[in-house]
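S.K.: One structure follows; several queries about it will come next.
Bear in mind that the values in this text are calculations on the coordinates, not laboratory data. A quick note: this is a predicted structure, and the numbers were derived from the prediction, not measured. Using ideal geometry, Cβ is built from the backbone for each residue, glycine included, and neighbour counts are taken over all protein chains shown.
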Amino acid sequence: MVLEYVDGKTLFQLIRESGAIAPERVVKMLRQCLLSLQEAHALGVLHRDIKPANIMVYEHIGRADQIKVLDFGIAKLVGSETNKSTEMTAEDVLVGTPRYMSPEQIRGETELTASADIYSLGLVMYELLTGTRAIDVESSMGIIARHLDPDPLLIPLNAPIPGAASPDHQSHADEVATPALSVCRKFLRTLNTGIWTICQD
């Protein structure tokens, strides 16, 4: 087996080393993540495990902040027989990383959509902009309970975001009924405008 070697670091490592990332860098990285997901979704593939550790940033021929979305190990096809089954294994273990899973993924809904990946990407965006996790509890049950809480996860006004107001990721992350390509396109369109919406906690 031959695998591509990427000389870079994961977003998990970047956040741990640098803390909050400047918004213009975040937009550049998110745009590339969205284009990757848009391509996967166009082929009917859901990633299902979007998180900082599965996104790598690297330099390519002098171009900084290039992005690769990694680890499609638990990805599956939309509409496949496996997608109609529960999100849990026979041992009732969640498939994915609870801290970044969408509510519908946690509930084991039978038909996941592209919005599940976008929700997870919204949580990654939160971490990039603030340097902190959106759900900052350690127990799996506490994390799951917060995802299922109807109150949205919002970036507080006093979050230490360098040089800009906070974006409202929830407006992009909670569109379960929106077709796959439309979800990515809407998010991309918002990034391209450069307009950030201030959110209150």
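S.K.: For residue 69, what is the net charge nearby, where nearby means another residue's Cβ is under 11 Å from its Cβ and Lys, Arg count +1, Asp, Glu -1?
M.R.: Within the 11 Å Cβ shell, the charges total -2.
S.K.: If packing is taken as the average count of other Cβ atoms within 10 Å, what order do 11-19, 24-32 fall into, highest mean first?
M.R.: The densest-packed peptide leads the list: 24-32, 11-19.
S.K.: What does the net charge come to around residue 11 if you take all other residues with beta carbon closer than 9 Å to its beta carbon, with K and R at +1 and D and E at -1?
M.R.: Overall, the nearby charge balance is +1.
S.K.: Classify the stretch 1-45 as rounded, prolate or oblate, taking a ≥ b ≥ c as the square roots of the eigenvalues of its Cα gyration tensor: rounded when a/c is under 1.5, otherwise prolate if a/b is larger than b/c and oblate if not. Working shown, then result.
M.R.: Details: a/c = 2.95, a/b = 1.30, b/c = 2.26.
Taking the square roots of the gyration eigenvalues as a ≥ b ≥ c, the stretch 1-45 is oblate.
S.K.: So what are the ³J(HN,Hα) numbers for the stretch 39-49, from phi and the Karplus equation (6.51, -1.76, 1.60; θ = phi - 60°), rounded to whole Hz, Gly and Pro as x?
M.R.: These are the phi-based 3J(HN,Hα) values: 5, 5, 5, 4, 8, x, 10, 9, 6, 6, 8 Hz.
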